[in-house]
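Asks: Please read through the structure below; I'll follow up with questions.
The values are calculated or read from the model by the stated rules, or taken from the named source; none is laboratory data. In this text, all values refer to a predicted model and were calculated from it rather than measured experimentally. Cβ coordinates were reconstructed from backbone atoms using ideal geometry, including for glycine residues, and neighbour counts include every protein chain displayed.
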Amino acid sequence: SQTIHQWPATLVQPVGSPLSLECTVEGTSNPNLYWYRQAAGRGLQLLFYSVGIGQISSEVPQNLSASRPQDRQFILSSKKLLLSDSGFYLCAWSVQRTITFGTDTQYFGPGTRLTVL
Amino acid sequence: DAKTTQPPSMDCAEGRAANLPCNHSTISGNEYVYWYRQIHSQGPQYIIHGLKNNETNEMASLIITEDRKSSTLILPHATLRDTAVYYCIVLPYGGATNKLIFGTGTLLAVQP
């Protein structure tokens, strides 16, 4: 069966410090990968998605970046954190299809709660 | 810009069926109805999805009206662990990515 891991589970960082959050998926190959942010009291915001190694699409321009160095590894980074970067960061995966018919269920990881002080 | 409407909260007695409604009156013919839930401080959990036929899995049943403008998620025997925010979402099939947009959802409180 497939499993998705995220770490760390919680993180407290000062403003201006760098960030690196990691997500890995087990039990599947060539998945679509997603980074979402859920701010307190707000909905889910898609930040990045990736359909393959080195292929990253950004949904929202900001001081965050994403990379996919390996097939089942997705990394969210920042060079300098802002207060507004605080939130619950969620990684998700879905099956990548080669045809356009059919929607793909997304499965989420446990999340990383980031507090920027 | 969620395309669904759900009641903000519901209560259910433990062991009884929980019926969570969702209105999606502007749903298009190529859009699925998805349900997720989120237990406090955890990642969202996929529950079930459907297009136009009723669906059932080990977690729940999904009843979609014939005109597809509304649906009901049924948890047949609610337990305390089912207390969570339940999100109803419509998603088109196909395309490079499916961006999940959660509305405010329904907070289901299962009472002992």
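Asks: Which residue out of A:ARG37, A:ARG68, A:ARG42, A:ARG72 is closer than 21 Å to B:VAL90 by Cβ, among the basic types (Lys, Arg) and without any contact (Cβ under 8 Å) to a residue 60 or more places away in the chain? It would help to see each step written out before you state the result.
Replies: Numbers: A:ARG37 fails: closer than 21 Å to B:VAL90 by Cβ; A:ARG68 fails: closer than 21 Å to B:VAL90 by Cβ; A:ARG72 fails: closer than 21 Å to B:VAL90 by Cβ.
Answer to the selection: A:ARG42.
Asks: Select from the range A:14-35 the residues that are polar (S, T, N, Q), under 15 Å from the mean Cα position of the chain (by Cα) and surrounded by 17 or more Cβ atoms within 10 Å (Cβ to Cβ) and list them in ascending order. Steps first, please.
Replies: Taking the range A:14-35 as the starting set, the residues that turn out to be polar (S, T, N, Q) are A:17, A:20, A:24, A:28-30, A:32.
Among the residues that remain, those that are also under 15 Å from the mean Cα position of the chain (by Cα) are: A:20, A:24, A:32.
Once the filter is applied, which keeps residues that are polar (S, T, N, Q), under 15 Å from the mean Cα position of the chain (by Cα) and surrounded by 17 or more Cβ atoms within 10 Å (Cβ to Cβ), the range A:14-35 yields A:THR24, A:ASN32.
Asks: Moving to a separate point now. Kindly evaluate B:ARG81 against the criterion of being in contact with a helix residue (DSSP H, G or I) (Cβ under 9 Å, 6 or more places away or on another chain) and closer than 30 Å to A:LEU114 by Cα. Step through it out loud before you land on a result.
Replies: On the way: in contact with a helix residue (DSSP H, G or I) (Cβ under 9 Å, 6 or more places away or on another chain): no; closer than 30 Å to A:LEU114 by Cα: yes.
Here the answer is no, as B:ARG81 does not meet what is asked.
Asks: In the range B:15-37, how many are exposed (fewer than 15 other Cβ atoms within 10 Å of the Cβ) and charged (D, E, K, R)?
Replies: Matching residues across the range B:15-37 total 1.
Asks: Also, I was wondering about something else. Which is in contact with a Leu (Cβ under 7 Å, 6 or more places away or on another chain) and more than 9 Å from chain A (Cβ to nearest Cβ), of B:LEU100, B:LEU73?
Replies: Values: B:LEU100 fails: more than 9 Å from chain A (Cβ to nearest Cβ).
Only one candidate qualifies: B:LEU73.
Asks: Follow-up. Checking the conditions here, which among A:GLN106, A:GLN45, A:GLN96, A:GLN38 is surrounded by 14 or more Cβ atoms within 10 Å (Cβ to Cβ), at pLDDT below 90 and either under 13 Å from the mean Cα position of the chain (by Cα) or away from every other protein chain (no Cβ under 12 Å) (or both)? Talk me through it step by step, then tell me what you get.
Replies: Values: A:GLN106 fails: at pLDDT below 90; A:GLN96 fails: either under 13 Å from the mean Cα position of the chain (by Cα) or away from every other protein chain (no Cβ under 12 Å) (or both); A:GLN38 fails: at pLDDT below 90.
That would be A:GLN45, the only listed residue that is surrounded by 14 or more Cβ atoms within 10 Å (Cβ to Cβ), at pLDDT below 90 and either under 13 Å from the mean Cα position of the chain (by Cα) or away from every other protein chain (no Cβ under 12 Å) (or both).
Asks: Still on this structure: Return yes when B:THR104 is under 15 Å from the mean Cα position of the chain (by Cα), among the polar types (S, T, N, Q) and closer than 18 Å to A:GLY41 by Cα and no when it is not. Before you say what the answer is, go through the steps one by one.
Replies: Numbers: under 15 Å from the mean Cα position of the chain (by Cα): yes; among the polar types (S, T, N, Q): yes; closer than 18 Å to A:GLY41 by Cα: yes.
Yes, satisfied.
Asks: Read through the list (1) part of a loop (DSSP other than H, G, I, E, B); (2) of a type in the set (Gly, Ala, Ser); (3) facing chain B (nearest Cβ under 10 Å), then give the number of the only condition that A:SER50 fails.
Replies: Of (1) part of a loop (DSSP other than H, G, I, E, B); (2) of a type in the set (Gly, Ala, Ser); (3) facing chain B (nearest Cβ under 10 Å), only one is false for A:SER50: (1).
Asks: Considering only the range B:38-59, how many residues are surrounded by 12 or more Cβ atoms within 10 Å (Cβ to Cβ) and away from every other protein chain (no Cβ under 14 Å)?
Replies: Taking the range B:38-59 as the starting set, the residues that turn out to be surrounded by 12 or more Cβ atoms within 10 Å (Cβ to Cβ) are B:38-39, B:42-52, B:54-56, B:59.
Imposing the further condition that a residue be away from every other protein chain (no Cβ under 14 Å) reduces the set to B:54, B:56.
Here the count works out to 2.
Asks: Tell me which residues, restricted to the range A:23-34, are part of a strand (DSSP E or B) and either in contact (Cβ under 8 Å) with a residue 60 or more places away in the chain or facing another protein chain (nearest Cβ under 10 Å) (or both). Even if it seems obvious, please write down each step before you answer.
Replies: Of all residues in the range A:23-34, those part of a strand (DSSP E or B) come to A:23-26, A:32-34.
A:CYS23, A:VAL25, A:ASN32, A:LEU33, A:TYR34 - these are the residues of the range A:23-34 that are part of a strand (DSSP E or B) and either in contact (Cβ under 8 Å) with a residue 60 or more places away in the chain or facing another protein chain (nearest Cβ under 10 Å) (or both).
Asks: Working carefully through the options A:LEU90, A:LEU11, A:LEU81, find the one that is among the hydrophobic types (A, V, I, L, M, F, W, C), closer than 23 Å to B:HIS40 by Cα, more than 14 Å from the chain's Cα centre (by Cα) and surrounded by 12 or more Cβ atoms within 10 Å (Cβ to Cβ). Can you show your working first?
Replies: Numbers: A:LEU90 fails: more than 14 Å from the chain's Cα centre (by Cα); A:LEU81 fails: closer than 23 Å to B:HIS40 by Cα.
Only one candidate qualifies: A:LEU11.
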